[in-house]
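Following: one structure in structure tokens, then a few remarks.
Bear in mind these aren't lab numbers, they're just calculated from the coordinates by the rules spelled out. Since we're looking at a predicted model, the values are computed, not measured. Positions of Cβ are backbone-derived with ideal geometry, glycine not excepted, and every protein chain shown enters the neighbour counts.
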Amino acid sequence: MTRSATGLDQRQLVHRDVWEKKETIRLLYRDFHRRLLENCPQGRILDIGGGTAHIKDSRPDIVCADILPFPGIDVLADAHRLPFPNECFSGVVMLDVLHHLERPIAFLKEASRVLKPGGRLPMIEPAMTTLARRFYTLFHEEPVDMGVDPFADVAINPDRDPFDANQAIPSLLFATQAARRQVEAAVPALRVRSVEWLSLFAYPLSGGFQSWSLMPAALVRSVLALEEKVPKRVQRQIAFRMMVVLERVE
């Protein structure tokens, strides 16, 4: 990892600089944050993999945890070993985090531990739909490996870069009914409440956290409204993201 003079990871500083300069991305993430928070019950909320803590623009009282320090991060923690007591959160939210975790099932067990009964874990992640998978494979810097076993109990690598990723992981775990049943069997305290398909046009046109954008901020609301009108069967084929909501049932 490349550290700045402040001791922060240089990639975080670049990320935050784009966030501050690019209104389009702030508006899109405000929509993501709204979706995540609306799926949580009332009570204390934990944001895992908070990065540069931009979710606090939407909810200042949220507890932000990350493995790397940054202003606004409240707790330094590995998502696989959360430093919180049992059943202390009503909600745990994540945005583009699961596909960075080397042991996603171990994390889901840990998330279920800190959730209260009835608490929810909503997450928004890359989706390997027919269209998006081609884009992610050809143009995105993070790899897509559909051949891995996301249920494998891999050995912990203490030197692993927190930015290492496999964008296929969320789809391997949640894109099919069979995979969801396997997740529920592996983590009996959680049930998959819903899977939705997001980011059809607006996010790809925005350029994400690149410096460029093909969509002005003034069009964000209209394009998001258009996405909602697209038939579900079409969303399932072209979405760039999926939102998964799990609930603690025990």
Open item on the list: Need one number: nm distance between label points at Ile156 and Arg44, each 7 Å from Cα along Cα→Cβ, rounded to one decimal.
Closed with: 2.4 nm
TODO: Sum up the charges of everything whose Cβ sits under 15 Å from the Cβ of Gln237, counting Lys and Arg as +1 and Asp and Glu as -1, but leave Gln237 out.
DONE: +4
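Given N residues in the stretch 4-80, what is Rg(Cα) / (2.2 N^0.38 Å)?
Numbers: Rg = 12.9 Å, N = 77, 2.2 N^0.38 = 11.5 Å.
Normalised Rg, Cα atoms only: 1.12.
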Task: Potential lengthening between Asp61 and Lys109 on full extension [0.36 nm per residue; Cα-Cα distance subtracted] - done: 14.8 nm
Open item on the list: What whole-number volume per residue, in cubic angstrom, does the convex hull of the C-alpha atoms of the chain give?
Closed with: 127 Å³
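If I stretch the segment between Glu184 and Val223 completely, what's the gain in nm (0.36 nm per residue apart, minus their alpha carbon distance), one decimal? Spell out each step's value before the answer.
Working: separation 39, 0.36 × 39 = 14.04 nm, distance 3.47 nm.
Extending this stretch completely gives an extra 10.6 nm.
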Task: Whole-number Å³ per residue for the convex hull built on Cα positions in the stretch 55-100 - done: 95 Å³
- [ ] Under a 10 Å cutoff between Cα atoms, tell me which one of Ile124, Ile67, Ile48 has the largest fluctuation in the Gaussian network model of the chain.
- [x] Ile67
Task: Size of charge dipole - the stretch 1-122 - debye, nearest 20, with Cβ of Lys, Arg +1 and Asp, Glu -1, no other charges - done: 160 debye
TODO: Amide H neighbours of Asp47 under 5 Å, at least 5 residues apart or on other chains, H built in the peptide plane: list them.
DONE: Val63, Cys64, Ala65, Val93
TODO: Return P(r) of the stretch 171-250 (all Cα-Cα pairs; 5 Å bins starting at 0; whole %; ordered from short to long distances).
DONE: 3, 14, 20, 17, 14, 12, 10, 7, 2, 0
